[in-house]
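The values are calculated or read from the model by the stated rules, or taken from the named source; none is laboratory data. Every value quoted in this text rests on a predicted model; they were computed, and no experiment measured them. With ideal geometry, Cβ positions are generated from the backbone for all residues, glycine too; neighbour counts draw on all protein chains shown.
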Amino acid sequence: MNTSVIAVDEYEPAADTDASTVPEPANKVSQTMEPPARKKSSGKLRGFAEKSMRAILLPGATFIIVGFIWTLIHMKISPQIPSLSDTWQAAISVLSDPFYKHGPNDLGIGWQILYSLGRVMAGFSLAAVVGIPVGFMMGMSANIQRAWQPLIQILRPVSPLAWLPIGLLLFKAANPSAIFVIFITSIWPMIINTAAGVKAIPQDYMNVAAVLRLGRLEITRKILLPATLPHVITGMRLSLNIAWMVIVAAEMLTGGVGIGFWLWDEWNNLNIPHIIVAIVLIGIVGIVLESGMSLLQSRFDYSRK
Amino acid sequence: MDHYLKLENLGMTFKTQKGNFCALKQVNLSISKGEFISIIGHSGCGKSTVLNIVSGLLKTSEGYVLLENREVNAPGPDRAVVFQNHSLLPWLTVYENVRLAVDKVFGSGKSRSERDEWTRHNLELVNMLHSLDKRPGEISGGMKQRVGIARALSMEPKVLLMDEPFGALDALTRAHLQDSVMEIQATLGNTVLMITHDVDEAVLLSDRIVMMTNGPAATIGEVLDVDLPRPRERLALANDPHYHRLRGAVLEFLYRKQTKKEAA
């Protein structure tokens, strides 16, 4: 090829207006001219310092305001709401030995959370095993979609806890019933997102498959699955978020080991500091689950990379 | 003239809620091996429908398509398509997008290392060897279209079908890609059927320009022979009176004989 063709690629502006193309000319300038380069890097440093200040100071201010209101409630309105320092002491004592075992009914808070997570994972995995294939079928066949859609529409808005009696009746035990509730919780977002993902596959990909004469199995493996994966992960992410909320409520009803029942038990003991510690811990576990799923999601988000 | 690719009485009727809509009728065209044919017409005239029928992505309602005297009515790699919006698979790298086609077409004919080499060779033709491991989302629109062309070429098609391949690109990128396509066609001697709505592009690249009348019931209005010598040089042609006569003939057809009733 001649030089005119090679020169092209420098001219071609990126189709997607992503930020990565912007700094390029700036870097070229900095290679030749020293002062602007130094100015730029110090500006960058200042920008970083400013950003991290904002990332710490602003949320910090919120926590301080909430702490102030909390203290106000404790002092003026309801002295049963524990003070900040009492709660802090409780948190330290609870978290200093999270995995103690004093008999089957007295386990550390770490165990409580792990038991709850175990139920969530069991129900969530079962829902994935059932929901993702069902979603695929609904996405691929208009008839299956038509057959299932009304049932799903009726059941989806129902609080998953409404299914707990059915679970207790079916399984005659608390633990499988809680898992059953998580299964019901998780399955709808998975079905709906998977089906939407299959339906959102651009006709272009299927045209490519047709020109290449890909077989049914090859289309599934090489086009359908990878094209739908981001949607499936979105469904899983939504499911997991709701499942973690629902397990706390489900365990309050079923009892046994688990953070939900532990929280309820502390209410029965009128140990309010422990309840607040549990609330914060549940939130932190939720964040961890959520960021794990976002990490997975960004790994398979082809459009942004 | 040999009839390498022949379109016989093609007609297309779509069933709509308001009844049947006749998009195309009586399209007859004969293309020789190694010819570069452009189909030009106003938007909505059914030029893409013609291409989709030749590619087999659309089933014709009337008539048939013959390739080397054999009827074709299903898609296949012997009529590789360069899609307008590149249609690369976003989860595969540049290399993997082309390799998918190579593996499918030459899976039994070539060894693993031959297929690797053939994939690289075709990406080299379009000057994309530098971005083998990038995903489509990481490269520019022009580069994506280059990969799309490499993928189509890698199937060693009997006919290369291009559906407004440069329509979505800016003018500068488009010009460079047109030059690339001219060079590749000069080297490989592909038979090409290209849909375009760009008069300059049609005159620059084609051996013949097929001009279509407006729909409904669109058909071929005129066929213009572009007898400019090759290789063609964009800058030299800018001052060539014959080039301007040819260009004028296409414009005359599009804007006097086939004026769009309402602005599209």
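Filtered by the rule that a residue be among the aromatic types (Phe, Trp, Tyr) and at pLDDT 90 or above, the range B:1-59 gives B:Tyr4, B:Phe36. Taking the range A:210-257 as the range and being of a type in the set (Val, Ile, Thr), touching a Lys or Arg at 6+ places or on another chain (Cβ under 8 Å) and closer than 28 Å to A:Tyr302 by Cβ as the test, only A:Val211 passes. Look at (1) buried (at least 17 other Cβ atoms within 10 Å of the Cβ); (2) free of Cβ contacts under 8 Å to residues at least 60 places away in the same chain; (3) not charged (D, E, K, R) and you find that A:Gly292 fails only one, number (1). Does A:Thr62 satisfy the condition of being surrounded by 13 or more Cβ atoms within 10 Å (Cβ to Cβ), more than 14 Å from every other protein chain (Cβ to nearest Cβ) and either modelled with pLDDT of 90 or more or under 32 Å from the mean Cα position of the chain (by Cα) (or both)? So A:Thr62 fails the test. Please determine whether any residue of the range B:160-180 is more than 8 Å from chain A (Cβ to nearest Cβ) and β-branched (Val, Ile, Thr). The answer is no; no qualifying residue exists. Total residues in the range B:37-93 satisfying the condition of being within 11 Å of the chain's Cα centre (by Cα) and within 11 Å of another protein chain (Cβ to nearest Cβ): the figure is 8. Against the condition in contact (Cβ under 8 Å) with a residue 24 or more places away in the chain, more than 11 Å from chain A (Cβ to nearest Cβ) and either over 22 Å from B:Met12 (Cβ atoms) or among the β-branched types (Val, Ile, Thr) (or both), how does B:Asn97 come out, does it pass? No, not satisfied.
Criterion first (under 16 Å from A:Pro98 (Cβ atoms) and either among the aromatic types (Phe, Trp, Tyr) or not in a helix (DSSP H, G or I) (or both)) does A:Trp267 satisfy it? Taking the combined requirement at face value, the residue does not satisfy it.
Just a yes or no: is a residue in the range B:10-19 in contact with an Asp or Glu (Cβ under 6 Å, 6 or more places away or on another chain) and aromatic (Phe, Trp, Tyr)? It would help to see each step written out before you state the result.
Filtering the range B:10-19 down to residues in contact with an Asp or Glu (Cβ under 6 Å, 6 or more places away or on another chain) leaves B:11.
Of the ones still in play, those that are also aromatic (Phe, Trp, Tyr) are none.
No, the range B:10-19 contains no residue that is in contact with an Asp or Glu (Cβ under 6 Å, 6 or more places away or on another chain) and aromatic (Phe, Trp, Tyr).
Looking across the range B:76-102, just one residue is farther than 19 Å from B:Glu138 by Cα and either among the basic types (Lys, Arg) or surrounded by fewer than 16 Cβ atoms within 10 Å (Cβ to Cβ) (or both), and that is B:Arg79. In the condition set (1) out of contact with any Leu (no Cβ under 8 Å at 6 or more places or on another chain); (2) surrounded by fewer than 17 Cβ atoms within 10 Å (Cβ to Cβ), A:Ala243 is compliant with all but (2).
Restricting attention to the range B:133-145, the residues being within 14 Å of B:Asn97 (Cα to Cα) and either among the β-branched types (Val, Ile, Thr) or in contact with a Leu (Cβ under 7 Å, 6 or more places away or on another chain) (or both) number 4. Do we find that A:Ala91 is in contact with a helix residue (DSSP H, G or I) (Cβ under 7 Å, 6 or more places away or on another chain), crowded, with 17+ Cβ neighbours inside 10 Å, over 21 Å from A:Ile242 (Cα atoms) and of a type in the set (Gly, Ala, Ser) in this structure? So A:Ala91 fits the description; yes.
Listed by position, the helices (runs of 4 or more DSSP H) inside the range B:125-236 whose residues that are surrounded by fewer than 19 Cβ atoms within 10 Å (Cβ to Cβ) number at least 3 are B:171-188. Under the condition of being within 13 Å of another protein chain (Cβ to nearest Cβ), part of a helix (DSSP H, G or I) and either in contact with a Ser or Thr (Cβ under 9 Å, 6 or more places away or on another chain) or of a type in the set (S, T, N, Q) (or both), the residues counted in the range A:198-212 number 7.
Quick one: would you say A:Ala173 is away from chain B (no Cβ under 14 Å) and under 27 Å from A:Gln149 (Cβ atoms)? Show your work before the answer.
Numbers: away from chain B (no Cβ under 14 Å): yes; under 27 Å from A:Gln149 (Cβ atoms): no.
No; evaluated as a whole, the condition is false for this residue.
Counting only residues that are more than 8 Å from chain B (Cβ to nearest Cβ), touching a Gly at 6+ places or on another chain (Cβ under 7 Å) and free of Cβ contacts under 8 Å to residues at least 40 places away in the same chain, the range A:213-236 holds 1 of them. Scanning the range A:74-87 for residues that are surrounded by 12 or more Cβ atoms within 10 Å (Cβ to Cβ), among the hydrophobic types (A, V, I, L, M, F, W, C) and assigned to a helix (DSSP H, G or I) yields one hit, A:Leu84. Out of all the residues in the range A:121-134, is one or more within 14 Å of chain B (Cβ to nearest Cβ), β-branched (Val, Ile, Thr) and crowded, with 17+ Cβ neighbours inside 10 Å? There is no residue in the range A:121-134 that is within 14 Å of chain B (Cβ to nearest Cβ), β-branched (Val, Ile, Thr) and crowded, with 17+ Cβ neighbours inside 10 Å. Contact map, the range B:133-144: first residue in contact (Cβ under 8 Å) with a residue 12 or more places away in the chain and within 7 Å of another protein chain (Cβ to nearest Cβ), second residue of a type in the set (Ser, Thr, Tyr) and surrounded by fewer than 21 Cβ atoms within 10 Å (Cβ to Cβ), Cβ cut-off under 8 Å, separation 6 or more or different chains; pairs are B:Arg135/A:Tyr302; B:Arg135/B:Thr93; B:Gly137/A:Tyr302; B:Gly137/A:Ser303; B:Met143/B:Ser131. For the range B:104-116, the criterion of being within 14 Å of chain A (Cβ to nearest Cβ), in contact (Cβ under 8 Å) with a residue 12 or more places away in the chain and buried (at least 22 other Cβ atoms within 10 Å of the Cβ) is met by at least one residue.
Within the range A:106-124, the set of residues being free of Cβ contacts under 8 Å to residues at least 12 places away in the same chain and closer than 10 Å to A:Ile182 by Cβ comprises just one member, A:Met121. The number of residues in the range B:210-243 being closer than 24 Å to B:Cys22 by Cβ, touching a helix residue (DSSP H, G or I) at 6+ places or on another chain (Cβ under 7 Å) and either modelled with pLDDT of 95 or more or of a type in the set (A, V, I, L, M) (or both) comes to 2. Does any residue of the range A:264-273 turn out to be loosely packed, with under 12 Cβ neighbours inside 10 Å, without any contact (Cβ under 8 Å) to a residue 40 or more places away in the chain and either among the polar types (S, T, N, Q) or within 14 Å of chain B (Cβ to nearest Cβ) (or both)? Yes; the residues of the range A:264-273 include at least one that is loosely packed, with under 12 Cβ neighbours inside 10 Å, without any contact (Cβ under 8 Å) to a residue 40 or more places away in the chain and either among the polar types (S, T, N, Q) or within 14 Å of chain B (Cβ to nearest Cβ) (or both).
Within the range A:270-292, the set of residues being assigned to a helix (DSSP H, G or I) and more than 18 Å from A:Ser116 (Cα to Cα) comprises A:Ile272, A:Pro273, A:Ser291.
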